[in-house]
Every structure is written in structure tokens, then in C-alpha cells.
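The values are calculated or read from the model by the stated rules, or taken from the named source; none is laboratory data. Just so it is clear, the structure is predicted and the values come from calculations on it, not from any experiment. Neighbour counts are summed over all protein chains in view; Cβ atoms, including those assigned to glycine, are modelled from backbone coordinates with ideal geometry.
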Amino acid sequence: MSRALTRTNLLLESGKVRQLRKTLHSRSNSEAVRRVIEERLAVEAGLGALRALRELGGPEDVFGRALTKKK
């Protein structure tokens with residue numbers, strides 16, 4: 001997948017960026033920030049899918065294994 005990159009100036013705390021790079025084993029600050037952005041967008045997409053599923057009434061328990069709510 002081809003991605004167009006653009007140069008953007010951001011004000012970031014250097015200690016947090018260093019910690020992020022170390023945690024992600026990233027080669028550069030840019031790589032670390034791009035990975036975190038991609039991961040967050042994936043999380044938001046997943047949450048959106050769950051919300052849509054909930055609006056449709058949720059998944060159907062065809063095996064009858066779901067816990068029932070006690071009143």
C-alpha cells in the first residue's frame with residue numbers, strides 16, 4: 001500500500017517520544033509517531049464496528065453459551 005507522507009512540525013515532549021521509540025523499537029521519531037497513529041485509527045475503526053453491531057442488536061448466540069444477565 002502506497003502512502004503519501006507530508007512533513008509536519010509537532011511540539012512533543014522529548015522524553016515521551018524517547019520512551020515511545022524504546023517501547024516500539026522504532027528506528028526514528030517519525031516511525032514511532034506513524035505507528036501510534038495507525039494503531040489508534042485501527043482501534044477507532046474497531047470501536048465503530050462494535051457500536052454498529054450493538055445498534056443492530058448484537059451478535060446472535062447460536063450455541064446458547066452467552067451468560068444471561070441476572071436481575
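Here is the figure for the stretch 1-27: residues that are in a loop (DSSP other than H, G, I, E, B), among the aliphatic types (A, V, I, L, M) and surrounded by 10 or more Cβ atoms within 10 Å (Cβ to Cβ) total 1. What number of residues in the stretch 1-35 are among the hydroxyl-bearing types (Ser, Thr, Tyr) and in contact (Cβ under 8 Å) with a residue 12 or more places away in the chain? Qualifying residue count, the stretch 1-35: 0.
Within the stretch 52-68, being under 24 Å from the mean Cα position of the chain (by Cα) and either surrounded by 10 or more Cβ atoms within 10 Å (Cβ to Cβ) or β-branched (Val, Ile, Thr) (or both) holds for LEU53, ARG54, GLY58.
If only residues of the stretch 28-71 that are in a helix (DSSP H, G or I) and of a type in the set (Gly, Ala, Ser) are counted, the one that is farthest from ARG3 (Cα to Cα) is ALA52.
Candidates are the residues of the stretch 26-67 that are among the β-branched types (Val, Ile, Thr) and modelled with pLDDT of 95 or more; the one that is farthest from LEU10 (Cα to Cα) is VAL43.
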